[in-house]
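The values are calculated or read from the model by the stated rules, or taken from the named source; none is laboratory data. Owing to the predicted nature of the structure, the values given are computational and were not obtained by experimental measurement. Here the Cβ positions follow ideal geometry from the backbone for every residue, glycine too, while neighbour counts run over all protein chains shown. Accessible surface areas use protein heavy atoms only, side chains included; no ligands, DNA or RNA. Shrake-Rupley method; radii C 1.70, N 1.55, O 1.52, S 1.80 Å.
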Amino acid sequence: MELLKLLSTQELIAQTISFLILFFLLRKFAWGKILKVLDERRARIASERKAAEEQMQLAAGLKAEFEAKMRLVDLEARKLIQAAEESGRKITEEIRQKAREEAHAIVENARQGIEFEIRQARETLKQDLVDIVLKATESLIEEKITEDQDRRIIENFLGKIDNLK
């Protein structure tokens, strides 16, 4: 209250009139422009907010699309890995089969080679035995039958021995 005592009535009326004149002048000349600037600012902020929300929705859609594509890429990668594993298994099996066939062929060739060498060894042994028997018979019998007859007799003898085996 003491504050009111310090102010005079004339000052108070002058200030009130000045305030009202200033208020009406501002309202007439500046108020519309100020409200227009505020409305434009509010509209710009609203449109920027709406654009930001649209961008966020677009980003969310792109993220979902990216994740879906990543799942497809992951699925494809797994399929490729499985196909590569299957191919590796097939190649491994083919290599094993080929190795088995080659081993079998080597064993068969070795068996045939051994059989051939055994036949050759028998023939050589037969010839050596024929020669030994001829020499032994020749030394026992001083008179000799013809060599062809000796060979025939010994070969018959060896044939009988082979048949006994």
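Based on protein heavy atoms only, segment 1-73 ends up with 99 Å² per residue of surface accessible to a 1.4 Å probe. Accessible area of L26 (1.4 Å probe, protein heavy atoms only, ligands and nucleic acids ignored): about 90 Å². Helical runs assigned H by DSSP (4 residues or longer) give the chain a calculated mean residue ellipticity at 222 nm of -33500 deg cm²/dmol, each run adding -39500 (n - 2.57) before division by the residue total. Both radii are taken from the alpha-carbon atoms of the chain; with Rh as the Kirkwood radius, Rg/Rh is 2.05. The C-alpha radius of gyration of segment 33-105, expressed as a fraction of 2.2 N^0.38 Å, stands at 2.75. Here the 3J(HN,Hα) profile of segment 53-67, calculated from phi with Karplus coefficients 6.51, -1.76 and 1.60 at θ = phi - 60°, is 5, 4, 5, 5, 5, 4, 4, 5, x, 5, 5, 4, 5, 4, 5 Hz, Gly and Pro shown as x.
Please state the charge dipole magnitude for the chain, taken about the Cα centre, from unit charges on C-beta atoms (+1 on K and R, -1 on D and E), reported in debye and rounded to the nearest 20.
Charge dipole, the chain, about its Cα centre: 2580 debye, nearest 20.
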